[in-house]
Amino acid sequence: MTPQAARAVLVAGILFALAGGGFGFYGWLMLGRGRPAVAAATAPGSAADALQAAFVTVAEKVRPSVVNIGTVQVARNRRAPAVPGPGAEDPFFKDFFDQFFGRGGPGRREEFRQPGLGSGVIIDKRGYVLTNFHVIRGADSVTVKLPSNQEFQGRIVGTDAKTDLAIVRFQPTGDVRVATLGDSDRLRVGEWAIAIGNPFGLDQTVTVGVVSATGRSEVGIATYENFIQTDASINPGNSGGPLVNLRGEVIGINTAIVATGQGIGFAIPANMARRVSSQLIDRGKVTRGWIGVSLQPLTTELSQALGLDNTRGAIVARVYPGSPAETAGLQPNDVIVKFGATVVDDYHHLQRLSSDAEPGTSVPLEIVRKRDHKTLKLKIAESPDSAPAVPATPPVTPPAPQPRAR
């Protein structure tokens, strides 16, 4: 073999060795990349298992704190005297009527016991249960039934019709599971939501959905509305039960549904429930702040007319005499755009901000008056039980009906 041929064979061998090494490295690299691909292929299954395990964990954690609230309302009316007639004294007819109407003389007072059913959640180991006001409204007796089927006589500690919340207390004979109230202000639309309660008397029912919306108002349920909307199934009997997130925290108290629609339920935010329940437990009532104005929404037309860039804020429609607003110098048509350090979204938002403020504290109000921005200092007062009296006006006599032309 000539030296040239030997060199050619050597170079070819080196090239083949390099090529083989390259293919080997490529195969090793692809094999290494293939492993995550296999893991990724199995990831959906493991994610589904993890999600399912999360739901089960939440149910096991929260269900022991959810109770059945049973109520009885006693209605009394006077039974009309029996009408005398042929056979009225006949023993056969007398026994027949007594079976249907009970024994007793004419005109005796009768009682009708009307039962009610709802849900509640234990928020304190001393036996305090958070529920809806409408669940126990008008009740003459309240029964608290635990998941263990133990029943206790409940006592209404306090109610707040303006938020539709109430506190009932029972005396536990042992340790009870207490639910944790979460931070509803951090809720995001699309998060999982789990409703637990006793719909139609079916104890410890768990339904799952998502948070459909937050900050819902003008629903017509309560005075102060800031509802969480969810499509988790809520039915009669769910009222007062908790709406829970995947961490097992109570984010709301289920309170209402849209009867004509499906998948539209509302819950009172946990932060509102926390403030109300703490006052009901400590004081038996809710003390709210009051600034003494009536408000109206800021529409696009009004915003343009008042020289504002957007519709954020609330228009003062009226200032009540002797109120903190009058003392601070507020006037009708002022637009309140900031309450303390918080920008006012709308008049519902301002109502909540003022009611949550502690009476006796001073708050700066940023307003727009005739296109000028001003800051006023206002001292919060305690909300009266009813609105200030409005000067009476003479009654208007309606005109007599006129004959219609035919």
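The values are calculated or read from the model by the stated rules, or taken from the named source; none is laboratory data. Here the structure is a predicted model, which is why all the values come from computation and not from measurement. Positions of Cβ are backbone-derived with ideal geometry, glycine not excepted, and every protein chain shown enters the neighbour counts. For accessibility, only protein heavy atoms count, side chains too; no ligands or nucleic acids. Shrake-Rupley method; radii C 1.70, N 1.55, O 1.52, S 1.80 Å.
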Loop-only check: which trypsin sites (Lys or Arg not before Pro) in region 184-222 are DSSP coil with at most 14 other Cβ within 10 angstrom?
-> 188
Which shape class applies to region 254-389: rounded if a/c is under 1.5, otherwise prolate when a/b exceeds b/c and oblate if not, where a ≥ b ≥ c are the square roots of the Cα gyration tensor eigenvalues?
-> oblate
Assuming a ≥ b ≥ c are the square roots of the Cα gyration tensor eigenvalues, decide whether region 198-301 counts as rounded (a/c under 1.5), prolate (otherwise, with a/b larger than b/c) or oblate.
-> oblate
Using alpha-carbon positions, what is the distance between the centroids of region 358-385 and region 154-230, in Å?
-> 32 Å
If each of residue 282 and residue 309 carries a label point 7 Å out from its Cα toward its Cβ, how far apart are those two points in nm?
-> 3.9 nm
Percent carbon-and-sulfur accessible area, region 259-344, ignoring ligands, DNA and RNA, probe 1.4 Å | 47 percent
Pairs of Cα atoms farther than 18 Å apart, region 116-185, % | 35 percent
Express the carbon and sulfur contribution to the solvent-accessible surface of region 147-206 as a percent, rounded to the nearest whole number, probe 1.4 angstrom.
-> 45 percent
Average accessible area per residue (Å²) across region 230-326 - probe 1.4 Å, nucleic acids and ligands excluded | 41 Å²
Sites matching chymotrypsin sites (Phe, Trp or Tyr not before Pro) across region 265-363 that sit in DSSP coil, with at most 14 neighbouring C-beta atoms within 10 Å = none
